[in-house]
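This report refers to the structure that appears directly beneath it.
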Amino acid sequence: MAEDKFPGWHGTTIIGVRKGGEVVVAGDGQVSLGQTVIKGTARKVRRLSPGGYDVVAGFAGSTADAFTLLERLEKKLEATPGQLARASVELAKDWRTDKYLQKLEAMLIVTDGKELFVITGAGDVLEPEHNVAAIGSGGNYALAAARALMDSPLSAEEVARKSMSIAADICVYTNGNLTVEKISG
């Protein structure tokens, strides 16, 4: 099959919400190939604990690529304990300059409960405005919903869950089977 005819992998919505002294990262479980749902229960949000330092990470994109990046992030965190920003910048630099890593197709949302970042293969380490970050196929829908809910009395987890539900109702590449990790700052 020619590469330009390959339907491509789709499916993932990841959101990070910081509110009320905690950060919640939530991700759906759908993986699609073209218009076919391949798996509905994928786990795209993980808790990392390099050296006892807790970090929550969610990924969108190729699973194998994301796991490679998560392993690299863990090594960076072991080398710079308690410094998520520095480890994230080091990972982004490697990702942008290393010939092997440049081919990886994924994005990450990472948090230690204090800081919240989106890391991309373009070398970006972005701290989101409005305490909300979202990536993946339904990321824009979840982001818009969360931004609208941030002034409500809902907790970070409730904002994340409601936003993901709204994204799942709109984006065909997103489902309501959530993995949710909460971390306090």
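Read-outs: derived from the displayed coordinates by stated rules, not from any lab. Note that this is a predicted model, so its numbers are computed, not measured. Neighbour counts are summed over all protein chains in view; Cβ atoms, including those assigned to glycine, are modelled from backbone coordinates with ideal geometry.
Structure notes:
- Fewest-first ranking of 107, 150, using other Cβ atoms within 10 Å as the exposure measure: 150, 107
- Part-to-part distance (alpha-carbon centres) for the stretch 109-154 and the stretch 58-76, which is given in Å: 18
- From most to least packed by mean Cβ count within 10 Å, the peptides 169-176, 53-60 give 53-60, 169-176.
- Highest-first arrangement of 159-165, 120-126, where packing means the average Cβ count within 10 Å: 159-165, 120-126
- Loop-resident sites, the stretch 35-87, for GluC sites (Glu not before Pro), counting at most 15 other Cβ within 10 Å (DSSP): none
- When the C-alpha to C-alpha distance is required to be over 31 Å, the pairs from 93/162; 39/114; 19/75 that qualify are 93/162; 39/114.
- When you restrict to C-alpha pairs under 8 Å that are six or more residues apart and normalise by the size of the chain, the relative contact order lands at 32 percent.
- Around residue 161: net Lys/Arg minus Asp/Glu count, Cβ-Cβ under 14 Å: -3
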